[in-house]
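Shown next, in structure tokens, is the structure this report addresses.
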Amino acid sequence: VTAHPSYDQLSAAFLRMYRFEHLQAIAMWDHATYIPPGGNDARSAAMGELAAHLHRLRTAPELAPLLASAATEALDELARANLREMQRVHRHATALPDALVHEATIAGARCEHAWRTQRPANDWAGFAVNLKEVVRLTRRQAELLSDQLGLSKYDALMDRFEPGMRSAEVDRLFGAVKSWLPELIRKVRARQAKQTVIAANGPFPLAAQKALCERVMKLLQFDFDGGRLDVSTHPFTGGVPEDVRLTTRYSADQFENSLMGTIHETGHARYEQHRPRAWLGQPVSEARSMAIHESQSLSFEMQLGRSRAFMQLLAPLLREYLGAQPAFEPDNVFGLYTRVRPGFIRVDADEVTYPAHVILRYEIERLLIEGECEVDDIPALWDEQMMKLLEVDTRGNYKDGPMQDIHWTDGAYGYFPCYTLGAMYAAQWFATIRTQRAALDSEIARGELSGVLDWLQANIWENASRFETDELTRRASGGPLDPAHFKAHLEARYLG
Ligand SMILES: [Zn+2]
């Protein structure tokens, strides 16, 4: 006889959900990589059915009384954290009626499908018709979640991706960045105008690029027994901790993006591979949040991968896999990977201008969800902020403006802040690692990466969702999230 029968029943129920989520993750990966066009419709239908089944499991009527009685049982610290996460999943899932979720999925799919042709045609007017329907249904969901969670509408949506984060806090953090970013960009640009960087000469055969990417994944200690690298239009990391699937995309005329994209996804992948095996299948073993996840990919890509020290490791590999050329000297590779150029497109943005893209999307989507602006107001807000933050003129250019991302078409409102919060967390992790390892850069340059990787494993990966984000942050770094680390990182790298 167990001392916590209700908790045990919940554990069994959540393990069952995890098994279905496993199959869902692999089906999604296959859908993004290898599915032949003829399989598309049937797969979409099957995945819709699986998603509906999972939603029924998460909202099953027997869960509410079990969650209530488990809260009165004698549970150890880990089980209590697990129960807290179960309650969170349940609160979010039960806030939304099936019919509304279904209607929103269909509106999102319709908007996304039309967007594929509307974007190249710069057809904002046509796109806005569908987007208004997505926004209407998202606002309805935000209202219901807001009632259930006792949060503002936007905060209720953001809580799906970044539990515990509130827009008042995001305003504070992003407000700090806005106060120094435009001036920093100007200074870096003035400095880089005087520097010469030699472009790498292609073409770069795709097979060589793939071999190079896999070699760098091994350097970063990715476990190929428990995962693989493939190709998709939009790179991502999927699968499950026991079988992590990551993707990149290659272009013969340049190697920079496939390689750095792979390093980014490897950061996501190693977090997944090192979530605590003993707790797998339970909500407490899930990654803490989207910003913490992004802090791992950006630890790999930005903090480690684009550092001057790491170029000592990359440069010889570039020569080995792609052939020797003057561009592949460490200083020049550093120059290639740290060029700052304000541009239209978020996913192509450099490390310094990237936060501007996120801040402007965050500010617009929050107004939109709170009902303080309408879809028709988006282009003017966009133009104004792009000019203010990046001095880029986007008037009339909708395809490279508010039509460029997929997030708003598929209803993922509240996600954008996670990118820049992740960059801030990553800077804070590395500031902490540096206080503990004075010789970090020379270790990295020699290929000794265990100082970084062991710290991330012990402080982030193995904790998974055991602590809420703020506590995880304090335990790892001694204090709450502080954007000053991000500023200090950018100044050291780009003005130091
Ligand atoms: Zn990422």
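The values are calculated or read from the model by the stated rules, or taken from the named source; none is laboratory data. It should be emphasised that the depicted structure is a prediction, and the values quoted were computed from it without experimental measurement. For neighbour counting, all protein chains shown are included, and Cβ atoms are generated from backbone atoms with ideal geometry for every residue, glycine included. In case anyone asks, the SASA skips ligands and DNA or RNA and just uses the protein heavy atoms, side chains included. Shrake-Rupley method; radii C 1.70, N 1.55, O 1.52, S 1.80 Å.
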- Size of segment 120-196 along its principal axes in angstrom, Cα-based, largest extent first? 54, 38, 17
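Does segment 1-156 come out rounded, prolate or oblate by the C-alpha gyration tensor, with a ≥ b ≥ c the root eigenvalues, rounded set by a/c under 1.5 and, if not, prolate when a/b is larger than b/c and oblate if not? Kindly include the intermediate steps, with their values, before the conclusion.
Details: a/c = 3.10, a/b = 1.69, b/c = 1.83.
It comes out oblate by the Cα gyration axes.
In whole percent, what relative contact order does segment 132-198 give with Cα contacts below 8 Å and a gap of six or more residues?
Value for segment 132-198: 15 percent.
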- Item | Rounded accessible area per residue of segment 218-281, 1.4 Å, Å² | 38 Å²
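How high is the relative contact order of segment 199-310, in percent, counting Cα pairs under 8 Å that sit 6 or more residues apart?
Working: 152 pairs, mean separation 26.9, N = 112.
This gives 24 percent for segment 199-310.
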- Would you list, by chain and number, the lysines whose Cα falls below 18 Å from the Cα of Lys388, excluding same-chain residues fewer than 8 positions away? Lys178, Lys187
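Can you give the Rg/Rh ratio of the chain, where Rg is from the C-alpha atoms and Rh is the Kirkwood radius?
Details: Rg = 22.8 Å, Rh = 24.0 Å.
Rounded to two decimals, Rg/Rh equals 0.95.
Taking the solvent-accessible surface of protein heavy atoms with a 1.4 Å probe, what is the per residue accessible area of segment 293-440 in Å²? Write down the numbers at each step before the final one.
Numbers: 4970 Å² over 148 residues.
Here the per-residue accessible area is 34 Å².
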- Query: For the chain, what is the mean residue ellipticity at 222 nm derived from helices alone (per DSSP H run of n ≥ 4: -39500 (n - 2.57); sum divided by total residues; nearest 500 deg cm²/dmol)?
  - Reply: -20000 deg cm²/dmol
- Query: Check Thr59: other-chain or 5+ apart residues with amide H under 5 Å from its amide H, H built from backbone geometry?
  - Reply: none
- Leaving out ligands, DNA and RNA, what percent of the accessible area of the chain is carbon and sulfur, probe 1.4 Å? 53 percent
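Are there DSSP H segments in the chain that both extend 24 Å or more along their axis (alpha-carbon positions) and score a mean Kyte-Doolittle hydropathy of at least -1.0? List them, or say none. If you can, show how the numbers build up before the last one.
Values: long enough: 5-33 (43 Å, -0.21); 40-58 (27 Å, -0.49); 77-94 (26 Å, -1.11); 98-118 (30 Å, -0.39); 124-149 (35 Å, -0.05); 167-192 (35 Å, -0.29); 256-273 (25 Å, -1.15); 417-436 (29 Å, 0.18).
Helices meeting the criterion: 5-33, 40-58, 98-118, 124-149, 167-192, 417-436.
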- Task: Mind giving me the nanometre distance, one decimal, between the label points for Leu219 and Ile35, set 7 Å out from Cα along Cα→Cβ?
- Result: 3.5 nm
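List the relative contact order of the chain as a percent without decimals, with contacts defined as Cα pairs under 8 Å and 6+ residues apart. Could the numbers behind the result be given before it?
Details: 652 pairs, mean separation 97.5, N = 496.
Taking the mean separation of contacting Cα pairs over the length of the chain, I get 20 percent.
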- Item | Under 16 Å from Lys210, Cα to Cα: lysines that are on another chain or at least 8 residues apart | Lys218
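What net charge is computed for the residues neighbouring Arg275, neighbours being all others with C-beta under 14 Å from the C-beta of Arg275, Lys and Arg scored +1, Asp and Glu -1?
Numbers: positive: Arg270, Arg277, Arg288, Arg466; negative: Glu21, Glu85, Asp223, Glu242, Asp243, Glu272, Glu286, Glu462.
Local charge sum for Arg275: -4.
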- Work out the FRET efficiency for His234 and Ala60 from their Cβ-Cβ distance, taking R0 = 41 Å, and round it to the nearest 0.05. 0.75
